[in-house]
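This report concerns only the one structure given below.
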Amino acid sequence: MSKKTSSAPKSSADVSEETKLIKTYLTDEELEHFRQLLLKRREEVLRDLDILRSSLSEESVEDSINSNYSMHMADHGTETMDREQRFMFIARDERYLHYIDQALERIRNRTYGICVKTGKPIPKKRLEAVPHTSVRIECKQVKK
């Protein structure tokens, strides 16, 4: 048996989903809401980065003070692992900060809320959950 395809006209919601946008569909108030949300997250990330970086610099000072004392190999390995983990967290936060800055730039350009891959609108629900996103969930899932 073959499947029948519907030749019924598409609803206006279907048409708007398929239309590629050049400028945002969000109102000025919505853009400001997302801008404030992004700025708040940016501030939190900068604070976290400052804490991580200062812990690394404090550790460097302690290492130079304690360099005359021998350390058990297991302790040295644990400290090395902790230091590498902090570097990983710093790199992750710097990447996140970059995504936030890109989203703020899209707000300034009035292209925020438009998928960079498809040109379709990103649902507001997704923007609320991941305000720095530049792609629709479908594009993100294909990447995985």
task: Sort out which residues of region 105-144 are surrounded by 18 or more Cβ atoms within 10 Å (Cβ to Cβ), touching a Lys or Arg at 6+ places or on another chain (Cβ under 7 Å) and in a helix (DSSP H, G or I), and write them in order of number.
output: I107
- prompt: Give me the pairs: first residue in region 68-87 and at pLDDT below 65, second residue loosely packed, with under 10 Cβ neighbours inside 10 Å and not aliphatic (A, V, I, L, M), beta-carbon distance under 9 Å, and six or more apart or on different chains, which are they?
  reply: none
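Looking at the structure I just gave you, is Y96 crowded, with 19+ Cβ neighbours inside 10 Å, at pLDDT 95 or above and aromatic (F, W, Y)?
Numbers: crowded, with 19+ Cβ neighbours inside 10 Å: no; at pLDDT 95 or above: yes; aromatic (F, W, Y): yes.
Considered against the rule, which asks whether it is crowded, with 19+ Cβ neighbours inside 10 Å, at pLDDT 95 or above and aromatic (F, W, Y), Y96 comes out as no.
Filtering region 1-39 down to residues that are under 23 Å from R108 (Cα atoms) and either among the hydroxyl-bearing types (S, T, Y) or in contact with a helix residue (DSSP H, G or I) (Cβ under 7 Å, 6 or more places away or on another chain) (or both), which residue is modelled with the lowest pLDDT? Reasoning before the result, please.
Residues of region 1-39 under 23 Å from R108 (Cα atoms): 19-39.
Now drop any that are not either among the hydroxyl-bearing types (S, T, Y) or in contact with a helix residue (DSSP H, G or I) (Cβ under 7 Å, 6 or more places away or on another chain) (or both), which leaves 19, 24-25, 27, 31, 34-35, 38.
Numbers: T19: 67, T24: 87, Y25: 92, T27: 93, L31: 96, F34: 97, R35: 97, L38: 98.
This residue is T19.
The values are calculated or read from the model by the stated rules, or taken from the named source; none is laboratory data. Everything numeric in this text was worked out from a predicted model, so none of it was measured. For neighbour counting, all protein chains shown are included, and Cβ atoms are generated from backbone atoms with ideal geometry for every residue, glycine included.
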